[in-house]
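The values are calculated or read from the model by the stated rules, or taken from the named source; none is laboratory data. Everything quoted here is computed from the prediction, not taken from an experiment. Here the Cβ is made from the backbone with ideal geometry for all residues, glycine too, and neighbour counts use every protein chain on show. For accessibility, only protein heavy atoms count, side chains too; no ligands or nucleic acids. Shrake-Rupley method; radii C 1.70, N 1.55, O 1.52, S 1.80 Å.
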Amino acid sequence: MLTPPNNMPDKPFVIAIDGPAASGKGTLARRLAREFGYAHLDTGLTYRAVGHALLQNNLPLDDPSLAVKVAENLDLSNLDRSLLSAHEIGEAASVVAVIGGVRRALVEAQRRFATQLPGTILDGRDIGTVVCPDADVKFYVTASAGVRAGRRFEEIVNRGKQAIFDDILQDIRKRDERDQGREDSPLKPAEDAHLIDTSKMDIETAFQTAKAIIIKAKAV
Ligand code: DC
C-alpha cells in the first residue's frame with residue numbers, strides 16, 4: 001500500500017493573490033509557485049477561456065445561459081496562455097465576468113484546484129475575498145494606472161507590434177472600472193491582505209517581500 005511521505009502536509013497551504021490588470025500579480029504568482037513547488041492557477045485565464053469560446057463561435061458575450069454552459073464545461077488543465085493573452089480576449093473576459101452563473105461555475109472549479117497538496121497559488125480579482133477566503137496568505141498587488149499602462153505598452157512594443165500609450169491607459173481605466181464596479185465579487189483587497197504596490201518596486205523586490213511573508217506564515 002502507498003503511504004504519503006511523512007513530510008507531506010495533510011492540508012494544502014493556499015496563497016491568494018489579487019490585483020488589477022497589469023499589476024504584476026501573475027509574474028509574482030508564477031515565481032512564488034516555482035519557489036515553493038506549489039500548483040498555480042491564473043484564474044483570469046478561466047474567464048478568458050469562456051470569452052474566447054464565445055468569440056470563436058460568433059456567439060454573444062452577454063447571453064447568460066450560453067456563457068454559463070461554456071463555464072460549466074471548462075477544462076482547467078487545458079488553458080493556453082499564449083492564445084488567451086490577446087487583448088480582445090481580456091476585454092471579453094471582463095464582460096462575461098459580470099455574469100453571476102459564470103462566476104459560480106468558475107469559482108467551483110477554482111476551489112477544487114486550490115485543494116492540491118502541498119499547496120496552491122491562485123491569482124485573480126476575488127481570490128482572497130470569495131474563492132479562498134480562508135487562504136493562509138493573501139496579497140493585493142497594485143500599481144498606478146499609468147505605470148500599468150506603461151508595462152503593457154512595453155510588452156506590446158517588445159513583441160514588435162505597434163501601440164498607442166493613451167489607448168492602453170484608457171483601456172486599463174475602463175477595465176478597472178468594470179472589475180471594481182461590478183455587483184458580484186468586485187475587485188477589492190481582502191481585509192487581511194498584504195498590500196504590495198509595484199508602482200516603484202521591481203518584480204525582484206516584490207518577490208522577496210512576498211517570499212518573506214510566506215516563510216513567516218508557514219513557520220506558525
Ligand atoms: O487577469 P486577467 O486580465 O487575465 O483577467 C481578465 C478578466 O477576467 C478581468 O478583467 C476580470 C475577469 N476576472 C475576474 O473577474 N475574476 C478573476 N478572479 C480573474 C479575472
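Kindly give the semi-axes, whole Å and largest first, of the ellipsoid equivalent to the chain, taking each as the square root of 5 times a Cα gyration tensor eigenvalue.
Semi-axes (√(5λ), whole Å): 28, 23, 16.
Taking all protein chains in place and a 1.4 Å probe, what share, in percent, of the accessible surface of the chain do carbon and sulfur account for?
Percent of accessible area from carbon and sulfur atoms in the chain: 52.
Considering every pair of different Cα atoms, what Kirkwood radius, in Å, is found for the stretch 36-146?
14.6
As a test question: what accessible area, to the nearest 10 Å², does Asp134 have when a 1.4 Å probe is rolled over all protein chains in place?
140
For the stretch 31-119, give the magnitude of the charge dipole about the Cα centre (Cβ charges: +1 Lys/Arg, -1 Asp/Glu; no others), in debye to the nearest 20.
320
With charges set only on the Cβ (+1 for Lys and Arg, -1 for Asp and Glu), what does the dipole of the chain come to about its Cα centre, in debye to the nearest 20?
Rounded to the nearest 20 debye, it is 460 debye.
What's the longest uninterrupted piece of the chain once you rule out the trypsin sites (Lys or Arg not before Pro) that are loop residues per DSSP with at most 15 other Cβ within 10 Å?
Segment 1-158 is the longest.
Using only the Cα atoms, what convex hull volume per residue in Å³ does the stretch 103-220 have?
Dividing the Cα hull volume of the stretch 103-220 by its residues yields 138 Å³.
What is the extension gain from Glu183 to Phe165, computed as 0.36 nm multiplied by their sequence separation minus the C-alpha to C-alpha distance, in nm to one decimal?
Extra length available between Glu183 and Phe165 comes to 3.5 nm.
Multiplying the sequence separation of Asp80 and Asn7 by 0.36 nm and subtracting their Cα-Cα distance, what value in nm do you get?
So the extension gain works out to 23.0 nm.
At a 1.4 Å probe radius, which order do His87, His194, His40 fall into by accessible area, largest first?
Putting His87, His194, His40 in descending order of accessible area: His87, His194, His40.
Taking the Cα centre of the stretch 104-220 as origin, work out the dipole magnitude from +1 charges on Lys and Arg Cβ and -1 charges on Asp and Glu Cβ, in debye rounded to 20.
220
Put +1 on the Cβ of each Lys and Arg and -1 on the Cβ of each Asp and Glu in the stretch 120-213; which of Cys132, Val157, Ser144 then has its Cα farthest toward the positive end of the dipole?
In the stretch 120-213, that residue is Val157.
Given Val70, Ala92, Gly26, which one lies farthest toward the positive end of the charge dipole of the chain, if we put +1 on the Cβ of every Lys and Arg and -1 on the Cβ of every Asp and Glu?
Gly26
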